[in-house]
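S.K.: First the structure, which I've put down as structure tokens, then a few questions once you've had a look.
The values are calculated or read from the model by the stated rules, or taken from the named source; none is laboratory data. Since this is a predicted model, take the numbers as computed values, not measurements. Neighbour counts run over all protein chains shown; Cβ positions are idealised from the backbone, glycine included. Surface accessibility is based on the protein's heavy atoms, side chains included, excluding ligands, DNA and RNA. Shrake-Rupley method; radii C 1.70, N 1.55, O 1.52, S 1.80 Å.
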Number of protein chains: 2
Amino acid sequence: MPKLHWEDFFAGQVVECGPLEVSAEEIKAFAAAFDPQPMHLDEAAACATMMGGLCASGWHTCAMMMRMVADGLVLDSSSMGATGCPEVKWLAPVRPGDRLRVRVEVLDTRPSKSRPEMGFVNARFDTLNAHGVRVMTLTSHLMFGRRPPASAADGPRAAAP
Amino acid sequence: MPKLHWEDFFAGQVVECGPLEVSAEEIKAFAAAFDPQPMHLDEAAACATMMGGLCASGWHTCAMMMRMVADGLVLDSSSMGATGCPEVKWLAPVRPGDRLRVRVEVLDTRPSKSRPEMGFVNARFDTLNAHGVRVMTLTSHLMFGRRPPASAADGPRAAAP
């Protein structure tokens, strides 16, 4: 039984996840697989771009955020995934050696109208570096299973006839 | 000199990128690194979830979309990156063996007010599988360098005095 169900979330709640440190090698490996632009792939080429040096792909930052939120919140919950993100903003470059963390703030929660076993949690995910600079912010509608009602075996027993 | 500059984009323009085929091994490797939830990590465990079988992390789908758009559009352009995505929606599961492609539609373009060497391209990116099912849609504001004015050496020469 996971620790966190839909009922455990409330507006204003804050959960801290992370940290996670990213290396130049990890930045370049993600870029080689998924986003082979010069600013993510090679130090010298990156210096000639607007970014002024090697920085992580925005999608790599999303993936690292997910890893921190998985370890810090989702894996010990009744999470049923997410339908998407109404907003993703890349605010500042993520550099080699950056130590990232995620501040999750619950914006609101509501039960599902069509699926009584499920509820929604609308939350903001701010990813910050060690200097406290917000490098990315996004919002997402997460789905969580609701806490099952206590079974008869757990509750008070009727007296045997 | 890259082929595509900001001036080459216009509202209504459609660019097709891809295809890219994803394997069960790739889905599980991405999940192990970034999103170790049961539906992305293990076939048997995935069958017990709402997804009914192994499927790619939504962030993996974003990363694969980026790879197709990099190869099909961005790498031969004056791209200067993107500030974020006003919308990301995961619409249908991406399964092992799926052959994905991306349909990019330019929504509008505008020059930068503060940076005359740059312009914005607002576009929708629909990721589809081989059955034509839209598995993800997102919008993004891309930044591109503007085409440099033809240098004097390229234009008609003044007659030597």
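S.K.: Is it the case that some residue within region A:55-77 is at pLDDT below 95, touching a Pro at 6+ places or on another chain (Cβ under 8 Å) and within 16 Å of B:Gly58 (Cβ to Cβ)?
M.R.: No, the conditions are met nowhere in region A:55-77.
S.K.: Something else: Would you confirm whether any residue within region B:105-122 is hydrophobic (A, V, I, L, M, F, W, C), closer than 19 Å to B:Trp90 by Cβ and in a strand (DSSP E or B)?
M.R.: no
S.K.: Going residue by residue through region B:14-23, is there one that turns out to be over 23 Å from A:Val22 (Cα atoms), in contact with a helix residue (DSSP H, G or I) (Cβ under 7 Å, 6 or more places away or on another chain), among the hydrophobic types (A, V, I, L, M, F, W, C) and modelled with pLDDT under 95?
M.R.: No, because not a single residue in region B:14-23 is over 23 Å from A:Val22 (Cα atoms), in contact with a helix residue (DSSP H, G or I) (Cβ under 7 Å, 6 or more places away or on another chain), among the hydrophobic types (A, V, I, L, M, F, W, C) and modelled with pLDDT under 95.
This table checks each residue for (1) at pLDDT 95 or above; (2) touching a helix residue (DSSP H, G or I) at 6+ places or on another chain (Cβ under 9 Å); (3) open to solvent by less than 20 Å² (accessible area, probe 1.4 Å).
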residue: A:Ser114; (1), (2), (3): yes, no, no
residue: A:Met118; (1), (2), (3): yes, yes, yes
residue: A:Val121; (1), (2), (3): yes, yes, yes
residue: A:Arg124; (1), (2), (3): yes, no, no
residue: A:Asn129; (1), (2), (3): yes, no, yes
residue: A:Val135; (1), (2), (3): yes, yes, yes
residue: A:His141; (1), (2), (3): no, no, no
residue: A:Arg146; (1), (2), (3): yes, yes, no
residue: A:Ala150; (1), (2), (3): no, no, no
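S.K.: Taking region A:28-58, which residues are among the aliphatic types (A, V, I, L, M), closer than 25 Å to B:His141 by Cα and away from chain B (no Cβ under 13 Å)?
M.R.: Within region A:28-58, A:Leu54 is the sole residue that qualifies.
S.K.: Of the residues in region A:83-98, how many are more than 7 Å from every other protein chain (Cβ to nearest Cβ) and either under 15 Å from A:Phe125 (Cβ atoms) or of a type in the set (Gly, Ala, Ser) (or both)?
M.R.: Summing the residues that are more than 7 Å from every other protein chain (Cβ to nearest Cβ) and either under 15 Å from A:Phe125 (Cβ atoms) or of a type in the set (Gly, Ala, Ser) (or both) in region A:83-98 gives 4.
S.K.: I've got another one for you. Given the structure, is B:Glu105 away from chain A (no Cβ under 11 Å) and either closer than 27 Å to A:Met136 by Cα or modelled with pLDDT under 95 (or both)?
M.R.: In short, yes.
S.K.: On to the next question. Where in region B:1-95 are there strands (runs of 3 or more DSSP E), lying wholly inside it, with at least 2 residues that are without any contact (Cβ under 8 Å) to a residue 60 or more places away in the chain, open to solvent by 10 Å² or more (accessible area, probe 1.4 Å) and of a type in the set (Phe, Trp, Tyr)?
M.R.: Of the strands (runs of 3 or more DSSP E) lying wholly inside region B:1-95, none has at least 2 residues that are without any contact (Cβ under 8 Å) to a residue 60 or more places away in the chain, open to solvent by 10 Å² or more (accessible area, probe 1.4 Å) and of a type in the set (Phe, Trp, Tyr).
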